[in-house]
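S.K.: Following this message is one structure expressed as structure tokens.
The values are calculated or read from the model by the stated rules, or taken from the named source; none is laboratory data. Keep in mind the model is a prediction, meaning the values are calculated, not measured. In this analysis, Cβ positions are derived from the backbone assuming ideal geometry, glycine residues included, and neighbour counts consider all displayed protein chains.
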Amino acid sequence: MLKLYGFAVSNYYNVAKTALLEKGLEFEEVTAWTPLEGDMLRKSPMGKVPFLEATEGVFTEAQVILDYLEELAPEPALLPADPFHRAKAREISRVIELYMELPARRVYPEAFFGATVSDETKKEAATVLRRGADALATLARFDGPLDGQAFGQADITAIIHLPLLRDAGRKILDVDVYEQLPGVKEYLGEARKRDSVARVMADQKEAMAAFLKRKGG
Ligand SMILES: N[C@@H](CCC(=O)N[C@@H](CS)C(=O)NCC(=O)O)C(=O)O
């Protein structure tokens, strides 16, 4: 059986978990806290979660996991059938990860863990985040599936990452990406009704207490 390693507070872990649930695949969740050590670090050499263990071995990176699942279990599809629309769906996911989640992540230590981030970092992060949100507003629609096709990878990426990065942006950078994304609140409200998303969010809420305890919160 597939084993998903990580913890249910991690947004990247939750991207992979939502895809597994959407696919209806059987999988086991194995808690792996960061910083990873020993055998866990050998399985995920960059020290990050999630990582997935299949019968043949282990691999890392949420997007790689999504693409593996798509090949392993093509139905229900989480990417459009034709190459062009697949590329457009992946483009949305990449923009969210590279130009929204990653810059916002630079200020997570201050937003969520009581640390301090330099003004220079904040300035850089705010610039990229604003551009990323503008790009997403251009590429995606919020009145149904983001790519205008069917619910899939791009939606999962958005549903899991946007609320967290928006929180950090609002708190620390004075950037509210939702103001740049008309219709996003209604879109996310609808998305939360999906069984997969509802389960992931409920599990995340439950896991938060254990997470904060570890962080000393
Ligand atoms: N590019 C990675 C990012 C994963 C990631 O940043 N995970 C965080 C938890 S949300 C983590 O493991 N952080 C620990 C670290 O970076 O040392 C992916 O897509 O899976």
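S.K.: Considering every residue within the stretch 59-74, establish whether at least one is outside any helix (DSSP H, G or I), over 15 Å from the mean Cα position of the chain (by Cα) and more than 13 Å from the ligand (Cβ to nearest atom).
M.R.: yes
S.K.: On the given criteria, is TYR68 free of Cβ contacts under 8 Å to residues at least 24 places away in the same chain, hydroxyl-bearing (Ser, Thr, Tyr) and buried (at least 16 other Cβ atoms within 10 Å of the Cβ)? Talk me through it step by step, then tell me what you get.
M.R.: Details: free of Cβ contacts under 8 Å to residues at least 24 places away in the same chain: yes; hydroxyl-bearing (Ser, Thr, Tyr): yes; buried (at least 16 other Cβ atoms within 10 Å of the Cβ): yes.
When the stated conditions are applied, TYR68 passes them.
S.K.: With respect to the numbered conditions (1) in contact with a helix residue (DSSP H, G or I) (Cβ under 9 Å, 6 or more places away or on another chain); (2) in a helix (DSSP H, G or I); (3) away from the ligand (no atom under 16 Å from the Cβ); (4) not aliphatic (A, V, I, L, M), which one is the sole condition not fulfilled by GLU101?
M.R.: Single failed check for GLU101: (3).
S.K.: Can you tell me which of SER93, SER44 is touching a Ser or Thr at 6+ places or on another chain (Cβ under 7 Å), within 12 Å of the ligand (Cβ to nearest atom), without any contact (Cβ under 8 Å) to a residue 60 or more places away in the chain and of a type in the set (Gly, Ala, Ser)? Explain how you work it out, then say what you get.
M.R.: Working: SER93 fails: without any contact (Cβ under 8 Å) to a residue 60 or more places away in the chain.
Being touching a Ser or Thr at 6+ places or on another chain (Cβ under 7 Å), within 12 Å of the ligand (Cβ to nearest atom), without any contact (Cβ under 8 Å) to a residue 60 or more places away in the chain and of a type in the set (Gly, Ala, Ser) holds for just one of SER93, SER44, which is SER44.
S.K.: Name the residue, out of VAL128, VAL117, that is part of a helix (DSSP H, G or I) and out of contact with any strand residue (DSSP E or B) (no Cβ under 9 Å at 6 or more places or on another chain). Step through it out loud before you land on a result.
M.R.: Details: VAL117 fails: part of a helix (DSSP H, G or I).
Among VAL128, VAL117, only VAL128 is part of a helix (DSSP H, G or I) and out of contact with any strand residue (DSSP E or B) (no Cβ under 9 Å at 6 or more places or on another chain).
S.K.: Looking at the stretch 132-150, which of its residues are within 17 Å of ILE172 (Cβ to Cβ) and surrounded by fewer than 18 Cβ atoms within 10 Å (Cβ to Cβ)? Give the derivation first.
M.R.: Here is the first cut: in the stretch 132-150, the ones within 17 Å of ILE172 (Cβ to Cβ) are 132-133.
If the condition is that a residue be within 17 Å of ILE172 (Cβ to Cβ) and surrounded by fewer than 18 Cβ atoms within 10 Å (Cβ to Cβ), then no residue fits.
S.K.: Could you list all residues from the stretch 34-51 that are more than 28 Å from ASP155 (Cβ to Cβ) and surrounded by 13 or more Cβ atoms within 10 Å (Cβ to Cβ)?
M.R.: LEU36, MET40, LEU41, LYS43
S.K.: Answer yes if at least one residue in the stretch 38-51 is at pLDDT 95 or above, of a type in the set (Lys, Arg) and assigned by TED's automatic domain parsing to the domain that holds ARG141, and no otherwise.
M.R.: Looking only at the stretch 38-51, we keep the residues that are at pLDDT 95 or above, and these are 38-51.
Adding the requirement that they be of a type in the set (Lys, Arg) leaves 42-43, 48.
Right, trim to assigned by TED's automatic domain parsing to the domain that holds ARG141 and you get none.
No: zero hits.
S.K.: Between ALA19, ALA54, which is surrounded by 16 or more Cβ atoms within 10 Å (Cβ to Cβ), touching a residue at least 12 places away in the same chain (Cβ under 8 Å) and not assigned by TED's automatic domain parsing to the domain that holds GLN149? Lay out the reasoning, then the answer.
M.R.: Numbers: ALA54 fails: surrounded by 16 or more Cβ atoms within 10 Å (Cβ to Cβ).
Result of the check over ALA19, ALA54: ALA19.
S.K.: Is there a residue being in contact (Cβ under 8 Å) with a residue 60 or more places away in the chain, more than 9 Å from the ligand (Cβ to nearest atom) and of a type outside the set (A, V, I, L, M) anywhere in the stretch 3-12?
M.R.: For the stretch 3-12, residues in contact (Cβ under 8 Å) with a residue 60 or more places away in the chain, more than 9 Å from the ligand (Cβ to nearest atom) and of a type outside the set (A, V, I, L, M): absent.
S.K.: Taking ARG42 as meeting all but one of (1) assigned to a strand (DSSP E or B); (2) farther than 19 Å from ARG214 by Cβ, write down the number of the exception.
M.R.: The failed condition is (1).
S.K.: Filter the stretch 133-165 down to the residues that are within 18 Å of the chain's Cα centre (by Cα) and free of Cβ contacts under 8 Å to residues at least 40 places away in the same chain and list them by number.
M.R.: PRO145, ASP155, PRO163
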